[in-house]
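Bear in mind these aren't lab numbers, they're just calculated from the coordinates by the rules spelled out. What you are looking at is a predicted structure, and each value in this text was computed from that prediction instead of being measured. Neighbour counts run over all protein chains shown; Cβ positions are idealised from the backbone, glycine included.
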There are 2 protein chains.
Amino acid sequence: MKNSLKTLRAERGWSQADLAGLLKVSRQTVNAIENGRYDPSLPLAFTIARVMQLRIEEVFEE
Amino acid sequence: MKNSLKTLRAERGWSQADLAGLLKVSRQTVNAIENGRYDPSLPLAFTIARVMQLRIEEVFEE
DNA sequence: GCTTCATGTAAAAGAAACTTTACATGGAAA
DNA sequence: TTTCCATGTAAAGTTTCTTTTACATGAAGC
């Protein structure tokens, strides 16, 4: 799965640590997802979409 | 997370085994998701939405 | 009655996601 | 130049997701 998290986060002026705080996960988790080391769980994907104010399909693609 | 997989599957006239085949997962995985024992991975959620011809948010909710 | 099919569930094992701790690098800025 | 911040990554450990195998139940049909 691909995602545009890094771009979306940068557009919002957030650091990885900022986003991790909003998502209540570790900074390493944000980093790993941004760099495609693994995909988030479905609940985390929902939270990501919510804080980005986008639909899941607008953040992630198969 | 809640989901309406059981209803959506029934509407389509599919057994759990049918759906598992389409999703390329075990029947137990379909059963576990339908009965809320755990949430699917994000890739599997995408596949489920695709075979249901719905958006992820139309199948799952936080 | 028997058989078949759909469903629910369990145990054990493996894979994937996530955590904590820790260290390295590079850029900006004082 | 040294301090600070953001980023990348690693190792070890826990939790969550998924598989395989297996067994139980109930409904429907013969």
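State all residues of the stretch B:21-62 that are within 8 Å of chain A (Cβ to nearest Cβ), within 12 Å of DNA strand D (Cβ to nearest atom) and assigned to a loop (DSSP other than H, G, I, E, B); if no residue qualifies, say none.
B:Asp39, B:Pro40
Quick test for you: out of B:Asp18, B:Asp39, pick the one residue that is within 23 Å of A:Tyr38 (Cα to Cα) and either within 10 Å of DNA strand C (Cβ to nearest atom) or surrounded by fewer than 16 Cβ atoms within 10 Å (Cβ to Cβ) (or both).
B:Asp39
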